[in-house]
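Encoded as structure tokens, the structure appears first; notes follow it.
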Amino acid sequence: MQISKSVLTDTHFSNHPKNYMLRLICEDGFFVSLLGTGASIRQIGFPSRQMDLQNLALSFSQESTYFSNPLYAGATLAPTAGRISHGSLPVGDHLYKLSRNESGIHSLHGGFENASFLVWELHSASVTPSGDAQVSFTCTLPDGLDGFPGNRHITVTYTLTEAHQLTMDYNAISDQDTYFNISNHSYFNLSGDFSRPATDHILQIHADRYICNAPDFIPEETADVTGTPFDFRHPLALSAQLQKYPGDIQIRRNQGYNHGFLLNHSSDSPDLLCTLPDGSVQMAVASDAPCMVLYSGGYIDDRQQLINGQHTVPSCALAFEFQDYPDAPGDHGFPYHITKANTPWKRQICYQFTIR
């Protein structure tokens with residue numbers, strides 16, 4: 001296992017703290033590239049049979065794009081993932097008004113100055129005694145930023161093993177009662193070809209219920225997946241479900257999938273399996289988060305330039321956001337947990353990649 005580290009020196013970065021790009025490299029060439037901007041996953045890839053690099057994660061062609069990151073591609077979503085309706089955050093007896101960065105109505109992924117666009121400090125990068133590559137980034141969000149309470153310190157630690165297991169451990173603490181709901185927003189196309197839709201990917205999601213959305217993507221209710229395009233309890237291609245239920249109001253309203261699945265969390269199986277049709281690449285994901293939002297990329301436009309000369313097209317990649325119930329602070333009766341002052345908060349997401 002190796003870790004390479006470089007400092008981004010483009011003039012675009014001159015007004016920011018030292019911004020690192022790191023590459024964690026397994027002995028067989030499988031690798032993960034990380035970027036200080038947003039503590040982001042830049043690339044996940046491996047040498048293909050054609051001896052080129054097959055990249056599995058959507059990657060912009062220019063590192064500077066990650067400062068605006070229109071897709072939140074690969075970014076750490078902090079302090080919160082997803083939407084908080086009308087920017088209203090109840091904490092104890094106080095109702096905090098958050099910045100509303102989605103159409104001036106809702107707070108999305110933590111507001112205008114969320115941690116996805118910040119340069120995180122590189123805290124450590126080393127190979128552990130057990131031979132794993134481990135990298136930690138930290139950032140501090142001041143009290144009142146985007147309306148959230150508390151001076152908040154957040155750490156994300158990436159660990160890559162020789163068995164191609166990538167684990168993200170999120171830890172956070174605040175000097176005031178606050179709300180944390182941190183996740184990652186990587187997009188995947190396991191074929192490495194982002195010039196075509198990823199809806200041929202086969203999914204298995206261990207969830208009996210999903211969340212129906214209103215037209216503004218705020219939850220309406222939970223529903224049984226049985227007899228709906230949201231039933232992935234057995235392996236199915238997204239395209240098969242989309243073709244089977246062409247008139248489903250939830251699918252039409254969201255240009256595909258942009259929905260939360262309430263995870264069963266079986267001890268003997270991952271929460272999610274995502275596989276290429278030929279079975280050559282598979283990604284298994286497990287997390288302690290109660291919910292996973294599947295976004296099938298229906299709103300991705302064709303203007304984003306990617307590495308290897310590619311550019312985005314609608315549904316060219318799938319995002320799996322492991323998080324709390326969407327809009328947990330809203331008036332839906334969903335579980336909602338405040339983190340008390342000086343009390344650690346944590347979450348884990350683990351990807352296991354299999355190359356056949």
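Every number here is computed from the coordinates shown, using simple stated rules; none is lab data. Computed from a prediction, not measured in an experiment: that's the story for all the values here. FYI the Cβ positions are ideal-geometry reconstructions off the backbone, even for glycines, and counts take in every protein chain you see.
D302 to H153: FRET efficiency via 1/(1 + (r/R0)^6), r the Cβ-Cβ distance, R0 51 Å, to the nearest 0.05?
Details: r = 39 Å, r/R0 = 0.77.
It comes to 0.85.
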For this session: Output the relative contact order of the chain, whole-number percent, from Cα pairs under 8 angstrom with separation of 6+ residues.
Result: 17
Problem set entry | Mean Cβ neighbour count within 10 Å, used as a protection proxy, ranking 200-207, 221-228 highest first | 200-207, 221-228
For this session: Post the alpha-carbon centroid distance, the stretch 77-115 to the stretch 289-341, in whole angstrom.
Result: 15
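When ranked by the protection proxy of mean other Cβ atoms within 10 Å per residue, highest first, what sequence do the peptides 270-277, 298-305 form?
Averaged packing, sorted descending, gives the order 270-277, 298-305.
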Problem set entry | Dmax and Rg, reported as Rg then Dmax, of the stretch 244-314 (C-alpha, Å) | 15.3, 41
Problem set entry | Gain on full stretching of the segment that runs from N342 to S48 - 0.36 nm per residue minus C-alpha separation | 101.1 nm
For this session: From the C-alpha gyration tensor of the stretch 2-355, pull out the three semi-axes of the equivalent ellipsoid (sqrt of 5λ each), sorted largest to smallest, in whole Å.
Result: 28, 27, 19
Problem set entry | Under Karplus coefficients 6.51, -1.76 and 1.60, residue-wise ³J(HN,Hα) of the stretch 153-170 in Hz, glycine/proline x | 10, 10, 10, 10, 10, 9, 10, 10, 9, 5, 8, 6, 9, 10, 10, 10, 10, 10
For this session: Select from Q310, T157, P277 the residue farthest towards the positive end of the dipole of the chain; place +1 on Cβ of Lys and Arg, -1 on Cβ of Asp and Glu, and compute about the Cα centre.
Result: Q310
Exercise. Put +1 on the Cβ of every Lys and Arg and -1 on every Asp and Glu Cβ in the stretch 2-355; which of I41, F322, M168 then has its Cα farthest towards the positive end of the dipole?
Worked result: I41
Problem set entry | Dipole magnitude of the chain about its Cα centre (Cβ charges: Lys, Arg +1; Asp, Glu -1), debye to nearest 20 | 440
Problem set entry | Among I251, A125, Q62 - extreme Cα towards positive end, dipole of the chain, charges at beta-carbon | Q62
Exercise. With charges set only on the Cβ (+1 for Lys and Arg, -1 for Asp and Glu), what does the dipole of the stretch 206-316 come to about its Cα centre, in debye to the nearest 20?
Worked result: 280
Problem set entry | Partners for K5 among lysines (Cα-Cα distance below 21 Å; same-chain residues under 8 apart left out) | K18
Problem set entry | Check: the stretch 16-99 dipole with +1 on Lys, Arg Cβ and -1 on Asp, Glu Cβ, in debye | 200
